[in-house]
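Structure first, commentary second.
Only the coordinates and a few stated rules stand behind these numbers; no lab work does. Note that the coordinates shown come from a computational prediction; the quantities given were computed from them, not determined experimentally. Glycine gets a Cβ as well: all are built from the backbone with ideal geometry, and neighbour counts include every protein chain shown.
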Amino acid sequence: QAKRLGHNHVQVYQDSMSFQFKSSAAMRSSLQEAIEKQQLRLHYQPIVRCNDLQVVGYEALLRWEREPGKFVSPSEFIPLAEMTGQIIPLSEWVFRQAFMDAVEFQKEGPRKISVNLSTLHFNRSEFADHLEQTLVETGCKPEWIELELTESILMENTDYAIAVLKRLREQKFSIALDDFGTGFSSLSYLKRLPMDKVKIDRSFIQGIRTHKSDRVLVSSVIKIAQSLDFAVVAEGVETPQQAEFVTELGCNYMQGYYFGRPVAKEDL
Ligand code: C2E
Ligand code: MG
Ligand code: MG
Ligand code: MG
């Protein structure tokens, strides 16, 4: 699978990990190597405001460069890293790097850097303290950071998750619910959540042209989320038609290949 990046960058994902790693022990030592040999990278994808198409922020997306120019997709190694516990050092690396980069990004103007949360890391008692300490060490401000969580984090222990989210918001981080619509998406808990944004999963955006059900769903999610005072981000916008459709529905922000693929900070 090759994904094109900009004009002349070709990002090649290696074959599936089950082929690459015969055992979880091999996987474990290889991930350890990724950290030690500094094979981890953050790529950034722009997030634009619908009404004026200005870039308001970037989402940090983790990449593992196993060999020069060969990237392993996070959907391949993050679930495994969650299983082995190696997601903790990995996630700590992500936060430190993203916070350092966030400091740099402010030179462009006010920018929010979105960082994806790992369930295991989020559920550790020292998580919020760790973020606070990383802010101090990097000179990053919490107002520059948006934390993206998925519904799976909320499903496990909803009350605990809500308490942690409250604390993170008191620390001045903003919170976004990622991949909305793919999990349980119970509207009854949506209104209880201390958060700022809802990101509509790209599977619904991509069905807009062909499926009436996706159009109805996207339009309803925008209305419901906004009535609960959440801003809405459309993920996976690939065509001008999709951009126009969500903008007409009053969506606040968009992200997707139409505006830019995730690339190294230097290539943005
Ligand atoms: P996500 O947070 O929902 O990130 C969006 C994914 O959609 C990214 O895949 C991005 O490259 C892809 N994408 C963006 N625009 C488009 C588009 O227009 N079309 C299509 N087809 N795809 C688009 P990626 O980078 O492979 O990441 C996959 C998932 O891995 C992320 O989903 C996130 O859940 C997880 N992930 C990535 N980085 C991290 C990280 O640093 N920590 C943790 N815990 N998870 C991460
Ligand atoms: Mg995300
Ligand atoms: Mg998403
Ligand atoms: Mg996702």
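Given R0 = 25 Å, the distance between the Cβ atoms of Glu170 and Glu137 translates into a calculated FRET efficiency of 0.80.
The length gained on full extension between Val55 and Glu108, counted as 0.36 nm times the residue separation minus their Cα-Cα distance, comes to 18.1 nm.
For the chain, the ratio of Cα radius of gyration to the globular rule of thumb 2.2 N^0.38 Å stands at 0.99. Just checking the listed ones, His211, His121, His43: in the Gaussian network model of the chain with Cα springs under 10 Å, the one fluctuating most is His211. Applying the criteria of a DSSP loop state and at most 14 other Cβ atoms within 10 Å to the trypsin sites (Lys or Arg not before Pro) of region 36-106 yields Lys37. For the chain, modelled as a GNM whose springs connect Cα atoms under 10 angstrom apart, the maximal fluctuation among Met254, Met83, Met195 occurs at Met83.
Using helices alone, I'd like the mean residue ellipticity at 222 nm for the chain: each DSSP H run of four-plus residues gives -39500 (n - 2.57), total over residue count, nearest 500.
Numbers: 12 runs with 116 residues, N = 268.
Calculated mean residue ellipticity at 222 nm is -12500 deg cm²/dmol.
Among DSSP beta bridges lying fully in the chain, give the percent that are antiparallel, nearest 5. If I count the DSSP bridges inside the chain, around 45 percent turn out antiparallel.
Counting residues in region 41-118 as N, plug N into 2.2 N^0.38 Å and put the Cα Rg over that result.
Ratio of Cα Rg to 2.2 N^0.38 Å: 1.23.
For region 93-101, putting each phi into the Karplus relation 6.51 cos²θ - 1.76 cosθ + 1.60 with θ = phi - 60° gives couplings of 4, 4, 5, 4, 5, 5, 5, 4, 5 Hz, in residue order, rounded to whole numbers and with x for Gly and Pro. Computed from backbone phi, the HN-Hα couplings of region 232-245 come to 10, 10, 8, 8, x, 6, 10, 10, x, 5, 5, 4, 5, 4 Hz, rounded to whole numbers (Karplus: 6.51 cos²θ - 1.76 cosθ + 1.60, θ = phi - 60°; Gly and Pro given as x).
When only the Cβ of Lys, Arg, Asp and Glu is charged (+1, +1, -1, -1), the dipole of region 161-234 relative to its Cα centre reaches about 100 debye. Which residues in region 65-88 place their backbone N less than 13 Å from a point set 7 Å from the Cα of Glu33 along the Cα-to-Cβ direction? Answer for region 65-88: 65-68.
Of the chymotrypsin sites (Phe, Trp or Tyr not before Pro) found in region 168-208, those that fall in a DSSP loop while having at most 12 other beta-carbon atoms within 10 Å are Phe184. Multiplying the residue separation of Ser203 and Glu238 by 0.36 nm and subtracting their alpha-carbon distance yields 11.5 nm. Which of the GluC sites (Glu not before Pro) across region 149-248 are loop residues per DSSP, with 16 or fewer other Cβ within 10 Å? Filter output for region 149-248: Glu238.
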